[in-house]
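The values are calculated or read from the model by the stated rules, or taken from the named source; none is laboratory data. Worth saying up front: this structure is predicted, and the values here are computed from it rather than measured. Here the Cβ positions follow ideal geometry from the backbone for every residue, glycine too, while neighbour counts run over all protein chains shown.
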Amino acid sequence: DLQPFLTAVQSAPEINQAAVQNGEMTVTVDDAAEALPLLIAQASEHHLRIRSIDIEEPNLETVFLHLTGRALRD
């Protein structure tokens, strides 16, 4: 059950957003270097094994979509 881990992660000030879908957690942060140690520690504390971590930097289109709610070509 990921719910206790998700709740702990969501309450951390370093985390902007966290969600679980199909057993996979997506976390949005401003500073991955600051948030990663917290996420790893919380996973260990909840006896969870991390299979992989992917860090994605937003591109201009992603930022535009986030700010306006529509794609560049809409």
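Sort out which residues of the stretch 1-30 are among the hydroxyl-bearing types (Ser, Thr, Tyr) and part of a helix (DSSP H, G or I), and write them in order of number.
Of all residues in the stretch 1-30, those among the hydroxyl-bearing types (Ser, Thr, Tyr) come to 7, 11, 26, 28.
Residue satisfying the conditions is Thr7 alone.
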query: Is it fair to say Ala71 is of a type in the set (A, V, I, L, M), in a helix (DSSP H, G or I) and exposed (fewer than 14 other Cβ atoms within 10 Å of the Cβ)?
result: no
task: Tell me, yes or no, whether the stretch 54-67 has at least one residue that is surrounded by 10 or more Cβ atoms within 10 Å (Cβ to Cβ), out of contact with any helix residue (DSSP H, G or I) (no Cβ under 9 Å at 6 or more places or on another chain), of a type in the set (Ser, Thr, Tyr) and modelled with pLDDT of 95 or more.
output: no
query: Any idea which residue in the stretch 51-68 is farthest from Leu2 (Cα to Cα), counting only those that are among the aliphatic types (A, V, I, L, M) and either assigned to a loop (DSSP other than H, G, I, E, B) or touching a Leu at 6+ places or on another chain (Cβ under 6 Å) (or both)?
result: Ile55
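Okay, residues lined up against (1) under 25 Å from Thr62 (Cβ atoms); (2) buried (at least 16 other Cβ atoms within 10 Å of the Cβ):
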{"site": "Leu2", "(1), (2)": "no, no"}
{"site": "Val9", "(1), (2)": "yes, yes"}
{"site": "Gln21", "(1), (2)": "yes, no"}
{"site": "Thr26", "(1), (2)": "yes, no"}
{"site": "Ala32", "(1), (2)": "yes, no"}
{"site": "Leu38", "(1), (2)": "yes, yes"}
{"site": "Ala41", "(1), (2)": "no, no"}
{"site": "Arg49", "(1), (2)": "no, no"}
- request: Determine which member of the set Leu48, Leu38 is in contact (Cβ under 8 Å) with a residue 24 or more places away in the chain, closer than 18 Å to Ala8 by Cα, out of contact with any Pro (no Cβ under 8 Å at 6 or more places or on another chain) and part of a loop (DSSP other than H, G, I, E, B).
  value: Leu48
message: Looking for something under 10 Å from the mean Cα position of the chain (by Cα) and of a type in the set (A, V, I, L, M, F, W, C) - is there at least one such residue anywhere in the stretch 59-69?
response: no
